[in-house]
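Here's the structure, in structure tokens; my notes come after.
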Amino acid sequence: MKVCGFTIVRNAIKYSYPVVESIKSILPLCDQMVVAVGNSDDGTIDMIKSIDSAKIVIIETVWDDTLKEGGRVLAMETNKALDAIPDDFDWCFYIQADEVVHEKFHPIILREMERRVDQPDVEGLLFNYLHFWGTYDYVGVGREWYRREIRVIRNDTRIRSYKDAQGFRIDNQKLNVKHIDAYIYHYGWVRPPDTVKSKMINFNTLYFTGKKLEEKLDKVTNFDYSAIDAVSIFNGTHPKVMEDLVNRLNWHVQFDERKIKFSLKDYLLYWFEKNFGSRLFEYKNYRIIP
């Protein structure tokens, strides 16, 4: 069995993406790692080149900044990285530049890939998610956070990145996946507040134009970590590759996890999910098979 990781990144230094940690977190599971580095102005390419691993293959790309509808450029760039994976690999392990895999899940992921490699009906593996918010001590728990997404896919040229690189599909059809007991740690919202605002401005320009963009940018100026609906305290450990970033955190955000700002409808849905483990009316970008 051969596994190739792949990711995309652009201006990682400017927007404080933990992309080095992200790449290192899956390298032990990969025989090769394709990194598509977009045209940046902050030294991102040199940072990726500094990673001491012969497994890494860098491809330099130019983002089409005219693709303003729904973040389509992210899927286009993801497909560039995916297309650079040689045919002799069995699995493709996708990781976004603000996602990290804890080493404690490596045995589970490896076992599931080995177990499913000769089961062609399994087109991907579905991971659980933890979305960190504000600092490394809190996790967002509201319904706005997606619970699961595909991060390992079969090396099949028909599989394409979907919409804004949220997941993957074949001919716009959902993939048949196995849900595995492993988590992706999403750190996209753990950055200094000013950096978060810069990142939000940048991302909104990938999704919107005109009046809609103006409305989104107005909201960015009033960004406040405390505006989240609900959080829980994270009592686990972070991946070893994240230790330095966790120790260097130099801003402070504090929440009262007992306070929940849901509407009555959302509170009832949240209560049901918390007590029964099922999210009613959940959007699923995949098809779980037995």
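A short reminder: the numbers here are calculations on the coordinates, not readings from a lab. As the structure is a computational prediction, the values presented were derived from the model and not from experiment. Every residue, glycine as well, gets a Cβ built from its backbone with ideal geometry; the counts of neighbours run over all protein chains shown.
For 110, 206, what's the fewest-to-most ordering of other Cβ within 10 Å of each Cβ? Spell out each step's value before the answer.
Numbers: 110 14, 206 17.
The most exposed by this proxy come first: 110, 206.
Relative contact order for the chain: 21 percent, from Cα pairs under 8 Å spaced at least 6 residues apart, divided by residue count.
Let me have the relative contact order for segment 140-231, percent, based on Cα pairs under 8 Å that are six or more residues apart.
Relative contact order for segment 140-231 comes out at 30 percent.
With just the Cα atoms defining each centre, how far is segment 74-131 from segment 240-286? Give it in Å. For segment 74-131 versus segment 240-286, the Cα centre distance is 24 Å.
In whole percent, what relative contact order does segment 74-194 give with Cα contacts below 8 Å and a gap of six or more residues? Before the final figure, lay out the partial values.
On the way: 187 pairs, mean separation 47.0, N = 121.
Relative contact order, segment 74-194: 39 percent.
Exposed loop positions in the chain were taken to be chymotrypsin sites (Phe, Trp or Tyr not before Pro) whose DSSP state is not H, G, I, E or B and which have at most 11 other beta-carbon atoms within 10 angstrom. Between these positions, the longest stretch is 1-280.
Please arrange 258, 169 by counting, for each residue, the other beta carbons lying within 10 Å of its beta carbon, fewest first. Could the numbers behind the result be given before it?
Numbers: 258 6, 169 19.
Exposure proxy ranking, most exposed first: 258, 169.
Taking amide H atoms as placed 1.01 Å from N in the peptide plane, the amide H of residue 126 lies under 5 Å from those of 178, 179, 180, each 5 or more residues away in sequence or on another chain. Phi angles of segment 29-46 translate, via the Karplus equation with coefficients 6.51, -1.76, 1.60 and θ = phi - 60°, into HN-Hα couplings of 8, 10, 8, 8, 9, 8, 10, 8, 9, x, 4, 10, 10, 9, x, 4, 4, 5 Hz per residue; Gly and Pro are given as x. Using the Cα gyration tensor of the chain, with a ≥ b ≥ c the square roots of its eigenvalues, what is the shape: rounded (a/c below 1.5), prolate (a/b larger than b/c) or oblate (neither)? Since a/c stays below 1.5, the shape of the chain is classed as rounded. Multiplying the residue separation of residue 235 and residue 256 by 0.36 nm and subtracting their alpha-carbon distance yields 6.1 nm.
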